Amino acid sequence: MTDPAAASQPGPGPSVNAAQPATETPTPKTLPIRDSQSAKGPAQPEQPSSKAKDATSSSSAGATAVASTEASSEPAADKPLTPAELKKKAKAEKAARRAREKGERDQAGGGGGGAGAGPAAPGAASGAGQARAPATPKKDAAGGAPQKGQRGVPPPRRGSAPVTQAGAVTAVEQKKKKEDKNVAVFGHLYGQQRRTTVAGAAKEVHPAVLALGLQMRDYVVCGSSARCVATLLAFKRVVESYTTPLGTSLARHLTTHLSHQITYLSTCRPLSISQGNAIRSLKLAIASVDPATPESTAKATLCDFIDSFIREKITVADQVIAGSAAQKIQDGDVIVTFAGSSIVKQTLLAAHKEGKRFRVSIIDSRPLFEGKNLARALATAGLDVQYSLVHGISHAIKDATKVFLGAHAMTSNGRLYSRVGTALVAMSAKERAGGVEVPVIVCCETVKFTDRVALDSIVVNEIADADELVSALPPHQITGLPDPAAASAAASSDPKKGANRASNATTTSDSLKTSLNTSSSPLSNWKETPNLQLLNIMYDVTPAEYVDMVVTEMGSLPPSAVPIVHRMSTNM
Amino acid sequence: MPSTSSALTPGLASFLKSLKTNAIDTSIENLISLLKRRQIRHSRSCATATAYLLLRVISACRTSDSAKLIERVQSVGRRLVAAQPREMVVGNIVRRVLGLIRDEAEDDREAEYALSEAGSESQPHTPRAFDDPSLPLDRDALSVRPEGSERAARSPLTSMFSLLSHPEPEASLPSTPGSLSPSGRLPGHGPAKDVRAEVLEGIGEIIDELGQVDDQIAAYALDHIHSNEIILTHTSSTTVQKFLLKAAAKRKFTVIHAESYPNNHETTHITVSGNASKDDEILSTESFQKPLIDLGITVILIPDSAVFALMSRVNKVILGTHSVLANGGLVAAAGTRVIARAAKVHQTPMVVVSGVYKLSPVYPFDFDSLIEYGDAGKVLPYEDGDLVDQIDVQNPLYDYVPAELVDLYITNLGGHAPSYLYRIVSDHYRKEDISF
């Protein structure tokens, strides 16, 4: 890839290219950028750079160079670094991050103006170049650059981890392109793109949390309670492996240590209300640890606290809810439920175990198809299950006698915040033409109650990756998928990098998967299609008047009782 | 191989092609089996196929006797409707054709009655003529019963005239005197009018109407869409797309498109993105039209489940339909009902665009009988085959949407309130044809 690039470029490009491998150890992220930047060089060779720009880029360049060398040594020797080294590394990382952020900001603000600044400082390539990564494709195209199709192809001479490379580049690229792909009304919800790899995670993040983050991102761990429990269990391991550094107390430092984990988790997927509540009470428990208690005792107390929190707030609460909600089911009932709530599943199974004879109608939706698992679980338990998608709501609701819904959260104004589509089911139950209203029963642990209020589904929501809508199949694996272009490019350059077979294999398998997922769909290149936007929101808000009863571990309540119960349970 | 197979795929195109060459009975059987196998599915395709078939049936029917024609069309129509009773447009077209024949027959009789009145009902089958309020009254005045007795009384006389004016052997075939044609003209009353020719012309006009109906509806678009509007739609209805495209030429607005998974999402994706991914079987003329995004209209594709969440931002819901019933309710793609309900809850106006040909005189006493169920494999893919054994998978294709959820119908005749539809129905179909 570099060869044609070099051939096509007069001027400084080739020399920079040649110089790089010698001077710097390869860091995955900086590398393609440097290439593209050097490629960009000849386009505007004598562009004078603005003073400020130059200063920032050169200052950050040094830092990044340090960071990159550090990073390359990191996987080999992670633990046995001296504190001094650690500190240095942290500093370098921070500097690099700051430089990157700044670059991105410049990118967003500066637009075409910023383009001139970069190439004039070939020495400062890595720092500024890294920041400029997202824009490179666009600029190449704009400048009518001759090297189309080269970017994204990992240069064969660098053996290190081409997959992560591609991932990093695509992540940044996607982010750039997404700018105009955001649905305007939901503009406030498009924060950071969900993390695709563990690369770049803070070093304090515990491996258990790292894994959990990706699992949550891939919906392996999905559902409000499941995420809450998994988070708490991971944090328990964090607490177990935690040692208080010298000069601080556990009560003070563990909180900050945890907040690193929390930050990481929230970059994988925004935290659920239940997670937030659990974390809040865990932090409260940490803060209330007496500084005089020895570390081991304090840790044991905290682990006990986590265990009992899970037990009280979720495990036992679920049992209580399932028991009392199952009482609401009678022989001959037709129960309609939406998607796959674990608590509804428990309720239905409990009722089935009691020998009640009823039918369940599950309504499911794209793109997660959570109801399928519920259907499978119920069918294997021997229940009479009917399954349809959102388009069949009005048919399923026709002979329904009760609607059971799970919750992501209950807001303080009594509204139900749950998987998108829940509101349609509740509405259909209440507005059934000519028929009697069907009671809508929500099963919800009090840990999911929040003091936030919501009027519509737009102010508070979560935006999932819109690419999930492109393929008709439910997502099996999302993490680490390169974008189709990069994948095909990687596949085309396969023979060149026969050396690293392992990574090669993963790349091809990934690209295979991507092509399976997207190539058949007319939406596969929706990001390049102007004016077309895909919206994949996760939740919607069901008006309180559609909910007849909220079954909690504290009893069955009307939705208007939510704020009172929430106050009671948090003041305990 | 794929190229030939695609050319031979049974459907509207292949049917129309075969119609010219095949014998009439073969064609009828062909259409019946196409309808039964659901190889012709969309309302317009069904209507077009029926209209062309009836055109052929009538032109092959070598008689000018309107009663015979009616009988023939009725028998064909009954078979077609029995083949696919939920495709209501088939019945609608048959009724329209029956109405045409009756009108022509009455015209003739009227001409015999009073020469001066003959001109008033020159072309009752054109849609525009139905706006004339005097017409239905005229027609109501001539009810069926006296017609039969008159015909019986006058038949010997008229048959003599028909002998003179129509030298075809069929016209003089021995038959019961009552069924002989009253189509003969008194001399001096202009050129001799052939019922059959008139009816064929009328069917031609129905076919023309089917071709233009979307454009006619689209002509009203600017009356209903204002600037900066957010419009929600569902499925890949051509009528809706043309409607929106027409408005997009003049105004800027945003379209939120629910993808109508699993029965129509692929076509919807193609409609929305404008690029048919491969040489798909759906390579009709409709897929060549420009997508809305090319006109600078922002299109947001959402899964069906997000309709409620977004409804609070939507200004107007514009939907297509499968057929419209006499009470103002409609049978439309599954999922329409929840959308309509959500629109009602949010007080968002809901507009249904539909050609008049989809208007059916059927009154829905049993909603369930109107609903068709589709392939369960679309809901639960074959990879989950183990599940299919254990659970009951449902894939309804249509929803019945009650009239109170619809705020406005836009047909090729203009905008109507749902409560007005019965009037249009009575303009288009004759009472005696409602159950033929």
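Each value in this text was obtained by applying a stated rule to the coordinates, not by laboratory testing. Please read all numbers here as calculations on a predicted model, not as lab measurements. Here the Cβ positions follow ideal geometry from the backbone for every residue, glycine too, while neighbour counts run over all protein chains shown.
Taking region B:70-88 and a reference point 7 angstrom along Cα→Cβ of B:Ala60, the backbone N atoms nearer than 17 Å belong to B:70-81. Between A:Thr293 and A:Thr315, the modelled label-to-label distance comes to 2.0 nm, taking each label 7 Å out from Cα in the direction of the beta carbon. Residue exposure proxy: A:Cys228, A:Cys444, ordered by other Cβ atoms within 10 angstrom of their Cβ from fewest to most, comes out as A:Cys228, A:Cys444. Inter-chain Cβ neighbour count for B:257-265, averaged per residue, equals 4 (cutoff 10 Å, partner chain atoms only). Label zone (B:Lys250, point 7 Å along Cα-to-C-beta; backbone nitrogen cut-off 20 Å) within region B:292-323: B:292-298, B:315-319. Scalar couplings 3J(HN,Hα) for region B:390-395, obtained by applying the Karplus form with A = 6.51, B = -1.76, C = 1.60 to θ = phi - 60°, are 8, 10, 9, 9, 10, 9 Hz; x denotes Gly and Pro.
Based on the Cβ-Cβ distance of A:Asn571 and B:Gln347, what FRET efficiency does E = 1/(1 + (r/R0)^6) give at R0 = 51 Å, to the nearest 0.05?
According to the calculation, E is roughly 0.80.
Spatial offset of region B:209-254 relative to region A:241-307 amounts to 58 Å, using the alpha carbon center of each.
Per residue of B:385-394, count partner chain C-beta atoms within 10 Å of its C-beta, then hand back the mean as an integer. Let's see the in-between values first.
On the way: counts 0, 3, 8, 2, 1, 10, 12, 9, 8, 10.
Going residue by residue through B:385-394 and averaging, the value is 6.
Backbone amide hydrogens, once placed in the peptide plane, bring B:Tyr373 within less than 5 Å of B:Leu397, excluding anything fewer than 5 places away on its chain.
Near A:Arg359: Cβ cut-off under 12 Å, other residues only, Lys/Arg at +1 and Asp/Glu at -1. The net charge is -2. Spin-label model, A:Ala184/B:Glu71: points 7 Å from Cα along the beta carbon direction are separated by 6.6 nm. The amide H of A:Val336, built 1.01 Å from its N in the peptide plane, has A:Ser361, A:Thr401, A:Lys402, A:Val403, A:Phe404 as neighbours under 5 Å, considering only residues 5 or more places off or on other chains.
Full extension of the segment from A:Asp384 to A:Val436, taken as 0.36 nm per residue of separation minus the current Cα-Cα distance, would add 16.4 nm. On the beta carbon distance between B:Leu408 and B:Ser18, with R0 = 45 Å, the FRET formula returns roughly 0.65. A crude spin-label estimate for the pair A:Leu455 and A:Arg98, with each label 7 Å from Cα along the Cβ direction, gives 4.1 nm.
FRET efficiency for the A:Ser249 to A:Arg357 pair, using the beta carbon distance and R₀ = 35 Å, is estimated at 0.05.
Summing charges over all other residues whose Cβ lies under 12 Å from the Cβ of A:Asn277, with Lys and Arg as +1 and Asp and Glu as -1, gives +4. Amide H contacts under 5 Å for A:Leu534: B:Leu301, restricted to partners 5 or more places along the chain or on a different chain, H placed in the peptide plane at 1.01 Å from N.
Extension gain for B:Glu383-B:Tyr113 works out to 90.0 nm (0.36 nm per residue, less the C-alpha to C-alpha distance).
Think of each Lys and Arg Cβ as +1 and each Asp and Glu Cβ as -1; about the Cα centre, that makes the dipole of region B:305-436 roughly 920 debye.
Starting from the Cα of A:Met549, move 7 Å in the Cα-to-Cβ direction to define the label point; list residues of region A:288-324 whose amide nitrogen is under 13 Å from there. Flagged as within label range: A:321-324. Partner shielding of B:330-337 amounts to 3, given as the average count of beta-carbon atoms from other chains within 10 Å of each residue beta-carbon. From least to most packed, judged by other beta carbons within 10 angstrom and beginning with the fewest, B:Leu405, A:Leu424 follow the order B:Leu405, A:Leu424.
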